[in-house]
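Visitor: Okay, here's the structure, questions in a sec.
The values are calculated or read from the model by the stated rules, or taken from the named source; none is laboratory data. Everything numeric here is computed off the predicted structure, so don't read it as measured data. Positions of Cβ are generated from backbone atoms using ideal geometry, with glycine treated the same way; all protein chains shown enter the neighbour counts.
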């Protein structure tokens, strides 16, 4: 079955540490997205990429970085500069604008 | 700028009763509107979308939504609620490059 795979499901970060969240899709979608979900705030866009080797900042990009070296993969790095990283992170993908985004099952990041 | 509002954080309904989850939107131009559902510790699942055409859109699991341009609303409805419908529901509007999400409405169906 086609879909989006996020790993790991749970992740713990130590102070001063960078961590990387994986997102892989086999839907042949051009566009991929990273969202952060906090209770009561809905989803906020971190970064998105519409094509390989290109990506754009979303609303809350500070403290995060991404790469898009392959169409299937869009990893997110939470850097030590992100002072409040505890959240549920969701990856999504889609093709044309009017089509729905497909979501992975998320990674929950916590601070040790 | 695109935005959506979900005025109710929580909706409670008895099993078997009709349910409505409200959404209003603000867009420049024609809206692309979506409803998603989220179960605990899971990603969002697509329910239905409005792009153009009939104002009543039918989606997955018996859900439907009514697009009302004059009231800029896109309320989610179901004629008979199930306990298994209890979840977090998100309305979203399509922008040029991404979706703008509401803050979510938690639906609880009481047996």
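Visitor: Looking at segment A:1-17, which of its residues are at pLDDT 95 or above and part of a loop (DSSP other than H, G, I, E, B)?
Guide: Within segment A:1-17, A:8, A:9 meet the criteria.
Visitor: Taking segment A:69-103, which residues are assigned to a loop (DSSP other than H, G, I, E, B), under 21 Å from residue A:54 (Cβ atoms) and within 15 Å of the chain's Cα centre (by Cα)?
Guide: A:69, A:71, A:72, A:74, A:75, A:79, A:101
Visitor: In segment B:50-59, is there at least one residue being surrounded by 16 or more Cβ atoms within 10 Å (Cβ to Cβ), within 25 Å of residue B:14 (Cβ to Cβ) and in contact (Cβ under 8 Å) with a residue 24 or more places away in the chain?
Guide: yes
Visitor: So for segment A:33-51 (the condition being within 12 Å of chain B (Cβ to nearest Cβ), in a loop (DSSP other than H, G, I, E, B), closer than 19 Å to residue B:98 by Cα and touching a strand residue (DSSP E or B) at 6+ places or on another chain (Cβ under 7 Å)), does at least one residue qualify?
Guide: yes
Visitor: Limited to segment A:52-105, what total is found for residues that are within 12 Å of chain B (Cβ to nearest Cβ) and closer than 20 Å to residue B:41 by Cα?
Guide: The qualifying residues number 11.
Visitor: Report yes if residue A:15 is more than 13 Å from chain B (Cβ to nearest Cβ) and within 15 Å of the chain's Cα centre (by Cα), otherwise no.
Guide: No: the conditions fail for residue A:15.
Visitor: So residue B:105 ticks every box in (1) within 14 Å of chain A (Cβ to nearest Cβ); (2) out of contact with any strand residue (DSSP E or B) (no Cβ under 7 Å at 6 or more places or on another chain) but one. Which box is left unticked?
Guide: Every condition holds for residue B:105 apart from (2).
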